[in-house]
Each structure stands twice: as structure tokens, then as C-alpha cells.
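Structure first, then comments.
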Amino acid sequence: MDFLAWTAATGALLLLMSLASGWIHRGPVTSFGLYLLAGILCGPWMLDLLHLDIISHASLALHITEITMAASLFITGLKLRLPLRAHSWRIGLRLAFPAMLLTVAGMALLMHWLTGFSWPLCLAFGAIVAPTDPVLASLISVNDARDDDALRVALSSEAGMNDGSALPLLMLAVLLLNHDNTDLTAVGSWFGVDVLWAIGGGLLLGYALGRLIGLLATHLRSAHEDTAPNDFLALALIALSYAIAQSLDASGFLATFAAGVGLRRAELQVVRRYPPQDLPEDQRVMPAETLVNPNQRLEHGGSGMVKSVGLVVGDALSFGDTIERLLAAAMMVVLGVTLAQHWNVTGIVLGLLLFAIVRPLAVWLTTLGCGIPLDQRLLIGWLGIRGIGSINYIAWASVHGMVGNQAQVVIDMALTLVVCSIVVHGVTVTPLLNWRAARQRNQA
């Protein structure tokens with residue numbers, strides 16, 4: 001197939017997915033699962049039209065997944081409007097750190113027991129497959145800033161923060177793999193820089209940048225009565241927060257997530273300071289993007305500022321969401337194509353153990369005493385999809401020296417597990433959420 005044929009095929013796939021979006025949302029398979037199926041169809045297993053290998057192009061895959069995850073984490077943070085002291089945030093912290101550490105440890109133990117591989121390799125495998133994915137979790141993440149559902153907020157905040165605990169463990173595993181006699185100084189440096197500073201610095205830098213730019217953009221738009229769309233604000237915040245954090249050895253992923261949270265805090269600050277007086281009192285603190293009409297200038301009691309911040313946030317959400325979905329779809333197609341070269345049956349076994357035992361048990365232990373209903377704890381334990389984040393970690397490990405025959409087997413198992421997660425969680429998420437909704441209606 002030549003360039004024009006591939007262009008037409010891409011357009012036809014995107015058109016089909018757009019026209020069938022209503023059916024897809026109601027059906028048993030997610031859109032990302034269908035993109036994965038499209039990749040398998042075009043790959044060596046079926047039509048043999050494409051030959052791509054994520055590991056052979058690990059550096060390129062690393063950068064594409066970095067951009068995808070950064071965009072997704074920014075959007076996730078921007079949609080979380082609950083107060084930072086809210087109970088759901090505390091649940092997210094427990095899931096992102098203690099539960100994540102238990103999941104990594106559990107998967108490392110199982111990997112060592114099943115394969116006998118070295119502990120650093122097993123630790124690397126656990127760190128790769130443990131984090132939940134912020135990109136593919138669209139069905140279980142918050143829908144918008146008005147969504148305060150405790151389950152969705154907990155899962156979204158977990159997906160936004162769990163790179164802070166998983167990536168440092170992968171770095172430690174690669175450090176141990178590449179240095180036979182790693183001394184305490186290297187481990188101490190890892191803990192100080194890659195754990196403490198990466199987490200704290202990433203969160204602080206991203207939050208400060210998001211809040212500062214949010215307030216600055218709001219005041220500039222209000223001063224110039226600017227109603228034109230400004231889609232590049234999201235791209236600018238994503239790029240700057242990630243690049244600045246990474247250049248300072250902080251976590252770029254946590255920085256982009258915190259930048260989204262900071263921009264949302266700026267919106268809250270403006271809405272509370274300049275509440276629109278022409279609205280009922282119970283609507284004056286609604287998300288600003290839901291209160292504005294880009295074609296009109298409101299004049300009542302501070303509404304101009306609210307309109308400005310609403311346009312800033314609305315443009316950022318729209319553009320960031322488009323980038324995220326486009327890049328994620330492309331990566332799912334590539335994963336489907338490359339799967340033929342990395343399929344591993346043991347990865348299926350490890351995936352089932354992770355989905356049914358390790359994560360549910362980790363969630364159960366770390367949410368004890370939190371006052372969460374039983375059905376919600378069970379759902380959180382099950383709804384932990386893996387995806388782009390794990391591919392990013394695989395690419396990072398390959399670029400930074402995780403090579404060799406056993407390392408290749410680890411990568412094959414991890415890629416197989418990711419595919420299993422996309423299929424299994426994609427098929428079960430809609431029925432489970434429908435069951436939960438029906439249960440809540442019956443209890444009301």
C-alpha cells in the first residue's frame with residue numbers, strides 16, 4: 001500500500017469509529033480495544049500489511065508515549081475540581097503509593113516464583129505492569145469538572161499520581177541490573193533524587209506553573225475582551241511543565257498532572273472571587289467553562305473574569321483531550337501490530353493473577369478503615385486497566401539498558417499482559433458500572 005492508500009485507510013478507520021461512537025459506548029468493547037483489533041488485523045497475524053516493533057524503535061515509542069501520557073495526566077488533573085482535602089483525594093493517595101508498592105512487590109514475587117529470573121528483572125516487571133493507565137481509563141475516570149463521583153475521583157487521582165511510586169522503582173531495577181556491585185551511595189542518590197525530589201519537586205513545579213499561567217491568561221483575556229479560542233495554552237502548559245521538571249530531575253509526569261490541578265485551582269479562585277451575580281446562588285460556583293457563552297460578553301458582577309477563565313479552561317480541555325485520544329489510538333494500532341512478535345503465554349497467567357488477586361488484595365489492605373462501601377472497594381480493585389503507561393515504561397527500560405534474553409522475555413510478558421488488560425477490563429467495565437448505577441438507584 002502506498003501513502004495515499006494508507007491515508008485513505010486511516011481516514012476510513014477514524015470515520016468509522018466516529019460514526020459508531022454511540023454503539024461503541026453502549027457495546028462490550030471500548031474504542032481503544034477496537035483500535036488494538038485494527039492493529040492485529042493489519043499485522044503479521046492476519047493481513048500482514050504492517051511490520052512494526054515497539055522495541056526496535058524504543059526511543060521513538062518512548063517519546064510518543066511520553067507526549068500521550070503528559071497530555072492525559074494534564075487533562076485528568078484539570079477535571080478534578082474537588083477540594084484538595086476531600087476524602088476521595090486521600091483514597092487516591094493510598095492507591096497511588098501504598099497500594100502501588102504492594103502491587104509491585106506482589107508481581108515481583110510471582111514473577112520470580114514462576115520464572116526464577118533475577119530479582120532486579122522481577123522488580124522491573126512489577127514496576128512496569130503495576131501502574132493503572134491514565135490514558136485508557138476514560139470510561140472509569142471523571143467525565144468533567146462537575147463529576148464528584150467518589151469511585152471515579154479515586155481512580156482518576158490514582159492514575160494521575162501512581163507514576164510517582166512506580167517509575168522510581170523501575171529506575172532502581174535498571175540501576176541494579178546495570179551495576180553488579182551497586183553501593184549504598186548510588187542507592188542513596190536514587191532515593192534522594194529519583195524518589196523524594198522527583199515526587200515533591202514535580203508536584204510543586206507543575207502546580208505553581210499551572211496556577212500562575214491560569215491566572216495570567218485569565219487576566220490578559222479579560223483585559224483585552226478576547227473571546228477567540230486559544231487551544232495552544234494546553235499544549236504550552238503540558239510542554240513547559242514536563243520539560244522544566246525533567247530538566248531539573250523532577251517527575252515530568254507528576255508535573256503535568258499537577259499543572260492541570262493548578263490550572264483548575266486558578267479557575268476556582270476566580271469563580272469564588274468574582275461570582276456571576278446574574279445566576280442563582282447555587283450555580284455561582286459551578287465550573288467556569290459551563291457558565292460562559294463565547295459569543296457574548298457578560299457584564300454582571302465579575303462575569304467578565306469568569307468568562308475569561310472559563311474560556312481558558314474550556315480551550316485547554318478541548319485541545320488536550322484531542323491530542324490524548326489521537327496519540328492513544330495510534331499507539332493501540334502499533335501495539336496490535338507488534339503483538340505478533342511479543343506474544344507470551346506466561347504473560348496471560350501473570351495478568352490474570354494481577355487482575356484477580358494481587359491488585360484487589362493490595363487495594364483491600366490499603367483501604368481498610370477508609371469508610372468505603374464494599375462494592376466500591378471491589379470495583380476499585382478490579383478496575384485497574386494497564387496501557388500506554390506500561391508501554392512507556394517498557395520503552396524507557398529498553399533505552400536505559402534493560403537488554404538480554406531474559407529481559408526480552410520480561411518485555412514480551414509485559415506487552416502480553418497489557419493487551420490482556422485492554423481486552424478484559426474493556427469488556428467488563430461497562431457491565432460493572434451499569435450494575436453499580438442500578439444498585440445506587442435501588443438504594444436511593
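The values are calculated or read from the model by the stated rules, or taken from the named source; none is laboratory data. Everything numeric in this text was worked out from a predicted model, so none of it was measured. Positions of Cβ are backbone-derived with ideal geometry, glycine not excepted, and every protein chain shown enters the neighbour counts. Areas reflect the complete protein model, heavy atoms only, side chains present, ligands, DNA and RNA absent. Shrake-Rupley method; radii C 1.70, N 1.55, O 1.52, S 1.80 Å.
Going through segment 362-396 one residue at a time, which ones are charged (D, E, K, R) and either in a helix (DSSP H, G or I) or surrounded by fewer than 24 Cβ atoms within 10 Å (Cβ to Cβ) (or both)?
Correct list: ASP375, ARG377.
Test ARG359 against the criterion of being of a type in the set (Lys, Arg), within 16 Å of the chain's Cα centre (by Cα) and buried (at least 16 other Cβ atoms within 10 Å of the Cβ), and give yes or no.
Answer is no for this residue.
Between residues in segment 346-361 that are over 24 Å from GLN408 (Cα atoms) and residues that are open to solvent by 50 Å² or more (accessible area, probe 1.4 Å) and at pLDDT below 95, which pairs lie under 7 Å by C-beta distance while being six or more apart or on different chains?
PRO360/TRP382
Answer yes or no as to whether ARG359 is in contact with a helix residue (DSSP H, G or I) (Cβ under 6 Å, 6 or more places away or on another chain), outside any helix (DSSP H, G or I) and under 23 Å from GLY33 (Cα atoms).
Against the criterion (in contact with a helix residue (DSSP H, G or I) (Cβ under 6 Å, 6 or more places away or on another chain), outside any helix (DSSP H, G or I) and under 23 Å from GLY33 (Cα atoms)), ARG359 does not qualify.
In segment 135-195, which helices (runs of 4 or more DSSP H) lie fully inside it and hold 2 or more residues that are within 15 Å of the chain's Cα centre (by Cα), touching a residue at least 40 places away in the same chain (Cβ under 8 Å) and under 25 Å from LEU327 (Cβ atoms)?
In segment 135-195, the matching helices (runs of 4 or more DSSP H) lie at 150-161, 163-178.
Does GLY164 satisfy being open to solvent by less than 60 Å² (accessible area, probe 1.4 Å), modelled with pLDDT under 90, touching a helix residue (DSSP H, G or I) at 6+ places or on another chain (Cβ under 8 Å) and among the small types (Gly, Ala, Ser)?
So GLY164 passes the test.
Would you mind listing the helices (runs of 4 or more DSSP H) fully within segment 1-57 where at least 3 residues are free of Cβ contacts under 8 Å to residues at least 40 places away in the same chain and of a type outside the set (A, V, I, L, M)?
In segment 1-57, 3-19, 21-26 are the helices (runs of 4 or more DSSP H) which contain 3 or more residues that are free of Cβ contacts under 8 Å to residues at least 40 places away in the same chain and of a type outside the set (A, V, I, L, M).
Counting just the residues of segment 209-225 that are open to solvent by less than 60 Å² (accessible area, probe 1.4 Å) and of a type outside the set (A, V, I, L, M), which one comes out modelled with the highest pLDDT?
Checking each candidate, the answer is GLY210.
Just for segment 122-142: of the residues that are at pLDDT below 85 and small (Gly, Ala, Ser), which one is surrounded by the fewest Cβ atoms within 10 Å (Cβ to Cβ)?
SER138
Out of segment 335-356, which residues are surrounded by 22 or more Cβ atoms within 10 Å (Cβ to Cβ), closer than 30 Å to LEU49 by Cα and among the hydrophobic types (A, V, I, L, M, F, W, C)?
Of everything in segment 335-356, those that are surrounded by 22 or more Cβ atoms within 10 Å (Cβ to Cβ), closer than 30 Å to LEU49 by Cα and among the hydrophobic types (A, V, I, L, M, F, W, C) turn out to be LEU335, VAL337.
In segment 90-116, what residues are open to solvent by less than 20 Å² (accessible area, probe 1.4 Å) and over 18 Å from LEU172 (Cβ atoms)?
Hits for segment 90-116 are ILE91, GLY92, LEU95, ALA99.
What pairs come out if I take residues in segment 213-239 that are at positive phi and in a loop (DSSP other than H, G, I, E, B) and pair them with residues that are at pLDDT below 70 and not hydrophobic (A, V, I, L, M, F, W, C) whose C-beta lies under 7 Å away, six or more apart or interchain?
GLU225/ARG297
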